[in-house]
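Okay, so here's the structure we're looking at.
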Amino acid sequence: MTEILIVGGSASGGIAARESAKAGFKTTIIEEHNIVGKQGKCTALISIKGLKKLEVDYEKTVMNEIYGAVIHSKHFSFTVEKRVPIAVVLDRQKLDEEIIKESIENGAELKLKTRLASIEKNKALTSKENINFNYLIGADGFASTTASILKLPEIKRKVLCYEAEFEGKNEGKTVDVYLDSERFPGFFEWIVPAGSETKTGFGTTEIKKINETKKKFLQGNEIKKFKNLKTEFHAFIPLEERSVIQKNNALLVGDAAGQVKSTTGGGVVFGGLGAITAIQNLDDYEKKWRKLNLLKKHLIIRELLNKLNNNLLDFTVFSTSLGLNKILELIGDMDFIIK
Ligand SMILES: Cc1cc2nc3c(=O)[nH]c(=O)nc-3n(C[C@H](O)[C@H](O)[C@H](O)COP(=O)(O)OP(=O)(O)OC[C@H]3O[C@@H](n4cnc5c(N)ncnc54)[C@H](O)[C@@H]3O)c2cc1C
């Protein structure tokens, strides 16, 4: 029987495990921590359309429904809003637990506190035991051990994010996105109403200045009104795909492969799609994934946005507020904005 070893028990690893077990492969997930999942280190604003594509039972993890976004530049803003919810804010930890539960129900075996240390031919050496495999799926996140062991090229383009989550009811229906090339170069600031709390944060490519940026962010007018800080964390988001994502029978999916929209940093849906593609095409996964070409246009838009200084961002947001928002309202969709 074909044996599939999945490294990383979070969203992408869980979806890979579910698909692998469903396909009848002997499936093992190893997770280095004593619990599965990203431990909530994610805003978890995810398009409903994307979640449906992943066929995940996400309903019981919903914290709030989102109908649109308000995009701000320094002096202007415009709103994109639909009459029906287009995205949901989820409890990320519960989502990961649900995905892993679905994989176990389909026959996958989960080994916690088991860290991949090295690979020898078709054998994974872990902190606990040696595990044989026919295929290994590296779903071990941005700092992928699998990629390091296999000496795959690094993901160079990335943003360092800081998220601060504040207690207190917030059932707002739109998220706020602040574009500011001076304060948040290479990314943006967000405020996401999450029902019982508010998730705020920013990303920046100026990694060395993160503490300074964080201080200014927390003192900013749009953030300082929130009191009772509940949780805060830093984490990287890859902003480009890894240039090699398969080496023989070892395949990378999710953040390990850089399967993230470089426009917004959303990676749950595309990591899941990467995982599904990997299991369905074990021998020619990389070729198949590249052919789908799902993320290229996001990268082009990110590069264009990065070229705009605050004056040009003001101009873009102002002109959009005059009319383009109607068009965006018609085609607007968080994950699949570009066909
Ligand atoms: C601040 C922030 C906000 C975000 N907001 C959103 C959002 O709103 N919407 C969205 O779609 N995406 C968002 N993302 C991106 C999203 O979190 C990631 O794309 C997603 O978590 C990728 O899932 P993954 O399973 O590939 O990797 P991860 O979730 O990082 O999981 C990797 C797993 O591998 C395990 N692991 C690592 N090394 C080993 C090892 N050697 N052995 C065994 N196990 C190992 C880890 O413990 C972990 O469980 C956000 C990210 C950040 C940082």
In the stretch 106-129, residues that are among the hydrophobic types (A, V, I, L, M, F, W, C) and over 25 Å from residue 23 (Cα atoms) total 2
Consider residue 50 against the criteria (1) touching a Ser or Thr at 6+ places or on another chain (Cβ under 9 Å); (2) at pLDDT 95 or above; (3) over 18 Å from residue 106 (Cβ atoms); (4) small (Gly, Ala, Ser): it satisfies all of them except one. Which criterion is unmet?
(1)
Give the number of residues within the stretch 97-133 that are without any contact (Cβ under 8 Å) to a residue 40 or more places away in the chain, open to solvent by 60 Å² or more (accessible area, probe 1.4 Å) and over 26 Å from the mean Cα position of the chain (by Cα).
6
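Go through the stretch 226-242 and give me each residue that's more than 10 Å from the ligand (Cβ to nearest atom) and modelled with pLDDT of 95 or more. Let's see the steps before the verdict.
Initial filter on the stretch 226-242 (more than 10 Å from the ligand (Cβ to nearest atom)): 226-232, 239-242.
Correct list: 226, 228, 229, 230, 231, 232, 239, 240, 241, 242.
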Residues in the stretch 213-256 that are closer than 19 Å to residue 177 by Cα, open to solvent by 90 Å² or more (accessible area, probe 1.4 Å) and part of a loop (DSSP other than H, G, I, E, B) total 1
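One line per residue, one yes/no per condition, for (1) more than 14 Å from the ligand (Cβ to nearest atom); (2) among the small types (Gly, Ala, Ser); (3) more than 14 Å from the chain's Cα centre (by Cα); (4) assigned by TED's automatic domain parsing to the domain that holds residue 100:
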site	(1), (2), (3), (4)
17	no, yes, yes, yes
20	yes, yes, yes, yes
25	yes, no, yes, yes
28	no, no, yes, yes
34	no, no, yes, yes
Set 277, 320, 264, 316: member being under 22 Å from residue 177 (Cβ atoms), open to solvent by 10 Å² or more (accessible area, probe 1.4 Å) and within 16 Å of the ligand (Cβ to nearest atom)
264
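The values are calculated or read from the model by the stated rules, or taken from the named source; none is laboratory data. The shown structure was predicted, so the numbers you read here are calculated from the model rather than taken from an experiment. Counting neighbours? That spans all protein chains shown, and the Cβs are built from the backbone with ideal geometry, glycine included. Just the protein is used for accessible areas: all its heavy atoms, side chains included, with ligands, DNA and RNA removed. Shrake-Rupley method; radii C 1.70, N 1.55, O 1.52, S 1.80 Å.
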